[in-house]
1. Report, in whole Å, the centroid distance computed from the Cα atoms of the stretch 290-338 and the stretch 32-81.
2. Cross-link candidates for Lys39: which lysines have Cα within less than 19 Å, leaving aside residues fewer than 8 places away along the same chain?
3. Kindly rank 308-317, 286-295, 190-199 from highest to lowest mean number of other beta carbons found within 10 Å of each residue.
4. Among all the aspartates and glutamates, which ones have a C-alpha under 15 Å from Lys54's C-alpha, if same-chain residues fewer than 8 places away are not counted?
5. Which of [x] 31.4; [y] 22.3; [z] 19.3 is the computed mean projected area of the Cα convex hull in nm² for the structure on display?
6. Straight-line reach only, C-alpha to C-alpha below 27 angstrom: list the lysines that Lys285 could link to, leaving out same-chain residues fewer than 8 apart.
7. Can you work out the PRE-style zone for Ala46? Point 7 Å along Cα to Cβ, and I want the residues of the stretch 109-151 with backbone N under 18 Å.
8. Output the Cα-based Rg and Dmax of the stretch 66-152 in Å, rounding Rg to one decimal and Dmax to a whole number.
Amino acid sequence: MSVRKRAWKTSRGEPREAWIVDYVDQHGERHIETFDKKKDADAYHASVRVDVGKGIHVAPSQSITVKEAAGRWLARVQADGRERSTVDQYRLHVIKYITPHRIGSIRLAKLTPALLEEFCDDLLAGMSRVMARKVLTSLKALLKAANHAHIAANLTIGQDKRGKRKLEVGRDIPTPAEIKRMVDAAPDAKRRALLLTAALTGLRASELRGLRWCDVDLRAHELHVRQRADFWGEIGPPKSASSRRSIPLDPAVLMPALRTWKLACPPTDGDLVFLSAWCRVQQHKNMLHSLAPVMRMAGLVDARGHPKYALHAFRHFFASWCINSKDRGGRELPAKEVQHLLGHSSIVMTLDTYGHLFPRGDDRAELAASAKALLG
């Protein structure tokens with residue numbers, strides 16, 4: 001394995017020179033790579049020496065393209081049983097953004113951090129920062145699957161937090177008075193039970209749609225999250241391991257509503273609690289549409305007469321109810337318990353979303369005393 005300089009003349013007699021990396025890989029095959037600059041040849045030589053020693057080197061001539069690597073990655077993700085919506089999202093990123101870009105035809109061995117930085121710049125020029133971060137995440141995942149994660153190790157697209165607004169009660173989160181108005185306006189047992197379950201358990205929409213009666217323990221006053229329904233209505237496991245959880249049920253308000261609805265609920269093969277009119281898994285939009293008349297009757301509409309809140313707003317309400325102090329009608333639970341009840345994978349997610357809602361002590365007296373002690 002060596003680096004040497006090569007000099008020659010063109011057919012016109014013009015002098016030319018280049019740097020050659022001459023080496024034998026772990027399979028005993030000889031390869032020669034040419035570089036214009038010695039520093040590039042030295043860097044490649046050092047990298048090849050390490051990879052050959054580990055037995056993982058792939059010569060540029062034998063390396064697959066980014067497009068080919070993306071195809072293999074998508075096949076592996078699908079074979080691993082990932083959710084249909086996740087696979088479709090990855091496929092969209094690959095087909096629409098990654099392979100059409102010029103990096104799609106480049107072999108992995110020729111891919112450089114500079115080319116990936118150019119790819120990120122092009123993403124940011126054509127889409128939102130949030131979408132660009134998602135596409136970059138897919139690209140890094142396929143590179144990792146192809147054992148080339150090191151190329152994008154230092155590549156990131158940061159969040160733009162300047163325009164990010166915190167959740168507000170009365171705007172993004174229903175107030176307790178608004179929840180009461182909606183429950184009072186619910187015209188039937190099903191919608192009353194749905195409103196109370198969404199607001200007092202914090203289930204995700206997919207978890208509400210996949211909830212079974214066998215997961216609602218009316219004797220122990222406990223609800224178990226064991227499955228969910230995806231965008232297409234297919235039943236599957238919860239979103240993550242942390243999404244599997246048990247949630248206590250309020251015996252005074254929620255339990256009677258669920259008992260009343262259970263008596264009226266038609267039987268289904270899936271034992272679903274909130275089924276569609278055809279006794280099947282209810283679509284997300286239809287579940288929200290079923291609550292739209294309730295919001296209108298409760299006077300909770302925007303300037304255009306549309307429902308004020310989305311279905312996810314009830315999950316936000318549950319979080320705020322768990323967080324609020326007891327003198328404000330809340331449960332005043334610690335952050336770790338709120339994380340568990342919401343099924344968040346990390347406490348960071350809980351605090352990033354709801355940290356500003358946690359009670360803060362009144363430190364004005366302490367501040368005044370400290371300032372007086374400091375300045376006399």
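Here, each number is a calculation from the coordinates, and none is a lab measurement. Fair warning: this is a prediction, and the values are worked out from it, not measured in the lab. Note that each Cβ is placed from the backbone with ideal geometry, even for glycine, and that neighbours are counted across all protein chains shown.
1. 51
2. Lys39 reaches Lys5, Lys110.
3. The densest-packed peptide leads the list: 190-199, 308-317, 286-295.
4. Partners within reach: Asp25.
5. [x]
6. Lys96, Lys134, Lys164, Lys166, Lys180, Lys190, Lys239, Lys262, Lys308
7. Answer for this model: 112-114, 150-151.
8. Just the Cα atoms of the stretch 66-152 yield Rg and Dmax of 12.2, 34 Å.
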